[in-house]
Amino acid sequence: MKLQKNTSLALYSVLEFAADPTRHVSAAEIAAKYGVSAHHLAKVLAGLARAGIVESVRGVGGGYRFVGNARRLTLLDVIQTFADPGLPEAGRREASEATPVGQALAAVLAEIDQTARATFASITIATMLGLIERQQRAATEARAAAADAGTPAARSRPRHE
């Protein structure tokens, strides 16, 4: 499933904020990290603030911070702030859906959308933060192992197989 740009930016932002909910993060900092316009991101963050997921703090040291409950807020909650995945526009059907092949394909695609919705609804922000942490730890360990393997002492050690 391909998410709209605003939806992806919202997910990135929420995860950045939730990683340290006590810290205020500026829209410019997030925009620079993900290579997007700060003006465009500010519109996304305003939507998250209206939804009560983040809080905007003005002035020196201001920015945005996570105010949601990471253990209860799901990816679907954030996604639905900007889009409703899996729901076709009301009354809109493709002409090809009137054919048996079109109907069969539409049924399969609807099932895929339902599965995607259920998956997004089952993954909390806390779950994502744990996944991010595990991936960062594994990458750090892999870099350390690669650096260790490149040292003369590591190359001369016998391998146990």
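The values are calculated or read from the model by the stated rules, or taken from the named source; none is laboratory data. Treat the numbers as computed from the prediction; the structure is a model and nothing was measured. Using ideal geometry, Cβ is built from the backbone for each residue, glycine included, and neighbour counts are taken over all protein chains shown. Just so you know, the surface numbers come from the protein's heavy atoms only, side chains and all, with ligands and any DNA or RNA stripped out. Shrake-Rupley method; radii C 1.70, N 1.55, O 1.52, S 1.80 Å.
Assorted remarks:
- Linear extension gain, Lys2 paired with Gln135, 0.36 nm per residue minus alpha-carbon span: 45.6 nm
- Of all stretches in the chain that contain no trypsin sites (Lys or Arg not before Pro) in a DSSP loop with at most 11 other Cβ atoms within 10 Å, the longest one is 94-158.
- On a per residue basis, the chain carries 67 Å² of accessible surface, using protein heavy atoms and a 1.4 Å probe.
- Around Thr22: net Lys/Arg minus Asp/Glu count, Cβ-Cβ under 15 Å: -1
- For the chain, the membrane-span-like helices by this rule, meaning whole DSSP H stretches whose C-alpha atoms cover at least 20 Å of axis and whose Kyte-Doolittle mean is 0.5 or above, are 5-19, 100-122; this says nothing about an actual membrane.
- Here each label is just a point 7 Å from Cα along the line to Cβ, and for Glu97 and Asn69 those points are 3.6 nm apart.
- Segment Glu111-Ala144, length gained on full extension (0.36 nm per residue, minus Cα span): 7.6 nm
- Entry for Kirkwood radius over Cα pairs in Å (calculated from the structure that is shown) out of [x] 18.9; [y] 17.1; [z] 15.6: [x]
- Residues Thr81, Thr115, Thr7, Thr22 ordered from highest to lowest accessible area at a 1.4 Å probe: Thr22, Thr115, Thr81, Thr7.
- The portion of the accessible surface of the chain made up by carbon and sulfur, rounded to a whole percent, is 55 (1.4 Å probe; DNA, RNA and ligands excluded).
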